[in-house]
1. Out of curiosity, is residue A:17 open to solvent by 70 Å² or more (accessible area, probe 1.4 Å) and assigned to a strand (DSSP E or B)?
2. Return yes when residue A:90 is open to solvent by 30 Å² or more (accessible area, probe 1.4 Å), under 28 Å from residue B:45 (Cβ atoms) and facing chain B (nearest Cβ under 9 Å) and no when it is not.
3. Between residues in the range A:5-26 that are within 17 Å of residue A:107 (Cβ to Cβ) and residues that are aromatic (Phe, Trp, Tyr), which pairs lie under 6 Å by C-beta distance while being six or more apart or on different chains?
4. Of everything in the range A:93-116, what is modelled with pLDDT of 95 or more and small (Gly, Ala, Ser)? Give them in sequence order.
5. Of all residues in the range A:33-87, count the ones that are surrounded by fewer than 15 Cβ atoms within 10 Å (Cβ to Cβ) and either in contact with a Leu (Cβ under 6 Å, 6 or more places away or on another chain) or not in a strand (DSSP E or B) (or both).
6. Hey, residue A:6 hits all of (1) open to solvent by 30 Å² or more (accessible area, probe 1.4 Å); (2) among the polar types (S, T, N, Q); (3) within 14 Å of chain B (Cβ to nearest Cβ) but one; which does it fall short on?
7. Could you list, in sequence order, all residues of the range B:20-36 that are at pLDDT 90 or above, more than 12 Å from chain A (Cβ to nearest Cβ) and open to solvent by 20 Å² or more (accessible area, probe 1.4 Å)?
8. Any chance you could count how many residues in the range B:42-67 are open to solvent by 20 Å² or more (accessible area, probe 1.4 Å), modelled with pLDDT of 85 or more and not in a strand (DSSP E or B)?
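The values are calculated or read from the model by the stated rules, or taken from the named source; none is laboratory data. It should be emphasised that the depicted structure is a prediction, and the values quoted were computed from it without experimental measurement. Positions of Cβ are generated from backbone atoms using ideal geometry, with glycine treated the same way; all protein chains shown enter the neighbour counts. Areas reflect the complete protein model, heavy atoms only, side chains present, ligands, DNA and RNA absent. Shrake-Rupley method; radii C 1.70, N 1.55, O 1.52, S 1.80 Å.
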Amino acid sequence: NAGVTQTPKFRILKIGQSMTLQCAQDMNHNYMYWYRQDPGMGLKLIYYSVGAGITDKGEVPNGYNVSRSTTEDFPLRLELAAPSQTSVYFCASSYGRDPQSYNEQFFGPGTRLTVL
Amino acid sequence: QQPVQSPQAVILREGEDAVINCSSSKALYSVHWYRQKHGEAPVFLMILLKGGEQKGHDKISASFNEKKQQSSLYLTASQLSYSGTYFCGTGNSNTGKLIFGQGTTLQVKP
């Protein structure tokens with residue numbers, strides 16, 4: 001199993017450009033998440049999904065969009081990139097069928113994004 | 001509401017013990033603990049689902065006090081490999097969604 005994979009690993013964008021951060025998991029997990037982590041800070045939830053076709057906002061959704069057409073993939077779209085979106089972006093997934101169950105989140109390696 | 005971790009940073013010598021606290025102003029359903037080494041992704045340590053539950057993983061253990069709305073992570077006889085930033089996350093029962101604390105940086109020196 002590859003686990004959670006993210007592409008690209010690094011990206012530099014100009015202000016106003018758009019891009020899509022890719023995330024895929026091969027563990028058949030229902031739940032998927034996007035976080036951003038600013039330097040020296042904690043993880044902030046951007047969007048999450050509890051299954052294909054279902055997404056919802058997290059703590060910091062402004063400037064981002066997501067879609068979940070399959071169980072495996074959960075891309076994050078940045079429209080009109082701004083310097084405030086410079087951050088490391090982590091995708092994660094968890095099994096999550098039963099709220100009482102073991103809900104460990106598995107993280108991808110991250111995408112380091114710089115907006116200049 | 002983001003949980004609050006204390007202390008913000010700890011420096012230890014090998015073999016010393018440390019405690020990291022995580023407090024919430026809201027009722028807690030579950031508490032998750034993760035460790036992140038510099039430049040890497042967070043890695044799961046343990047989850048506590050019930051009030052009063054304690055769990056252990058090698059020499060790292062945690063407790064969960066539902067009444068006080070807090071959890072504590074105990075690192076015993078610390079090793080160099082324990083260095084990193086520790087995050088607690090408080091969980092939502094229906095969505096698996098976590099809200100993470102700001103992190104506690106632990107540095108273990110020889």
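1. Criteria not met by residue A:17.
2. The answer is no for residue A:90.
3. Close Cβ pairs (under 6 Å, with a partner that is aromatic (Phe, Trp, Tyr)) amount to A:21/A:89; A:23/A:74.
4. Once the filter is applied, which keeps residues that are modelled with pLDDT of 95 or more and small (Gly, Ala, Ser), the range A:93-116 yields A:108, A:110.
5. Total satisfying the criteria: 14.
6. Every listed condition holds for residue A:6 apart from (1).
7. If the condition is that a residue be at pLDDT 90 or above, more than 12 Å from chain A (Cβ to nearest Cβ) and open to solvent by 20 Å² or more (accessible area, probe 1.4 Å), then B:21, B:23 are the ones that fit.
8. Total meeting the criteria: 1.
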